[in-house]
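Asker: Handing you this structure, nothing more for now.
Read the figures in this text as sums done on the coordinates, not as results from a lab. Just so you know, these numbers come straight off a predicted model, no measurement behind them. Positions of Cβ are generated from backbone atoms using ideal geometry, with glycine treated the same way; all protein chains shown enter the neighbour counts.
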Amino acid sequence: MKQSASPRLVLFDLDNTLIDRAEVFRRWGSCFVAQRGLAPDELSWLIDQDNDGLTPKDAFFDAVRTRYAVSEDTAALVSAYHRDYPSFTVAPPAETMAALTELRSAGSRLAIVTNGPPMQEHVIDNAGLRGIVDAVCVSATVGLRKPDPLIFGLAAHACGVALDGAWMIGDSPTHDIAGAVASGIRSAWITRGRPWVETEYQPTLIADSVSKAVEGLLAFPSPT
């Protein structure tokens, strides 16, 4: 008797994959500049200091306090950022939501696997993503971070399927693609206009959007 195929598992990064994190930060920064009475061009400085989210927030707000002589201490600024940032969340593009719906219609299980503080849970809710995925693994919530294969395995367990045959879709070579390679699963890298420069590992697919990545992975055979 032929064994029925198990559901395909597709894992997604959050920032700059499912949602435009750069735009969310720009919206937060514009509000910060306005509230503090700063010159409009200070937004560019904030964006540069943020470094696409890679600058630790303690270091970011240390720099903010120095530049603008802010009276609040760094811990208070970080806390306010974590409280306020999710309110600036932008919804995923319509084509991204359509791609997720297509995967669900095809019987796939979906999970969001993202590094970041607990506020990412609120970002996911505000983006309207919670109801379309089967599981969410935020690093600060689960105590694991990409590229650790354990967080990928945890997401698979939460979805009730094996990790074998899964895909990881994300924009970070070091977190998403390296983590997928270490986990023995396929991956799709979202370029965001960048060339692939890593030489020690490669994604299975390279795409310029989630919808194109989903189109590509659907052309691969489903796990059996």
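Asker: Just checking my list [x] 18.6, 72; [y] 18.4, 57; [z] 16.7, 55 against Rg and Dmax of the Cα atoms in Å computed from this structure; which label fits?
Answerer: Given [x] 18.6, 72; [y] 18.4, 57; [z] 16.7, 55, the calculated one carries the label [x].
Asker: Take peptides 6-15, 109-118 and line them up by average Cβ neighbours within 10 Å, highest first, as a rough protection proxy.
Answerer: Details: 6-15: 23.9, 109-118: 21.9.
Packing order, densest peptide first, comes out as 6-15, 109-118.
Asker: Next question. Pulled fully out, how much extra length does the chain show between Ala140 and His82, if you take 0.36 nm times their separation in residues and subtract their Cα-Cα distance? Walk me through the intermediate numbers first.
Answerer: Working: separation 58, 0.36 × 58 = 20.88 nm, distance 1.27 nm.
Here the segment from Ala140 to His82 would lengthen by 19.6 nm.
Asker: Distance from the Cα centre of segment 128-181 to that of segment 3-73, in angstrom?
Answerer: If we compute the Cα centre of each part, the gap is 22 Å.
Asker: Working out 0.36 nm times the residue gap between Asp58 and Ala91, then minus their Cα-Cα distance, what length gain in nm do you get to one decimal?
Answerer: Taking 0.36 nm per residue and subtracting the Cα distance, the gain is 9.2 nm.
Asker: Hey, with R₀ at 45 Å, roughly what FRET efficiency would Ala39 and Ser6 work out to, going by the Cβ-Cβ distance, to 0.05?
Answerer: Working: r = 56 Å, r/R0 = 1.25.
Once the sixth-power term is evaluated, E becomes 0.20.
Asker: Related question: What does the highest-first list of 129-141, 47-59, 95-107 look like by mean Cβ count within 10 Å? Numbers along the way, then the final one.
Answerer: Numbers: 129-141: 17.8, 47-59: 13.5, 95-107: 16.0.
Listed from highest to lowest mean packing, they are 129-141, 95-107, 47-59.
Asker: Right, something else. Quickly rank 148-161, 27-40, 165-178 as a protection proxy: mean count of other C-beta atoms within 10 Å, highest first. Before the final figure, lay out the partial values.
Answerer: Values: 148-161: 19.3, 27-40: 13.8, 165-178: 23.1.
Put in order of decreasing packing, that is 165-178, 148-161, 27-40.
Asker: Given R₀ = 41 Å, FRET efficiency for Ser105-Arg192 by Cβ-Cβ distance, to 0.05? Intermediate results must be reported in sequence, preceding the final value.
Answerer: Working: r = 27 Å, r/R0 = 0.66.
Once the sixth-power term is evaluated, E becomes 0.90.
Asker: What do you get for GluC sites (Glu not before Pro) in segment 1-88 restricted to DSSP loop and a cutoff of at most 16 other Cβ within 10 Å of the site's Cβ? Kindly include the intermediate steps, with their values, before the conclusion.
Answerer: Numbers: sites: Glu23, Glu42, Glu72; in loops: Glu72.
Within segment 1-88, the qualifying GluC sites (Glu not before Pro) (loop, at most 16 other Cβ atoms within 10 Å) are Glu72.
Asker: If you keep only loop residues by DSSP, which GluC sites (Glu not before Pro) in segment 152-224 have at most 13 other Cβ atoms within 10 Å of their Cβ?
Answerer: Values: sites: Glu198, Glu200, Glu215; in loops: Glu198, Glu200.
Loop-located and lightly packed - Glu198, Glu200.
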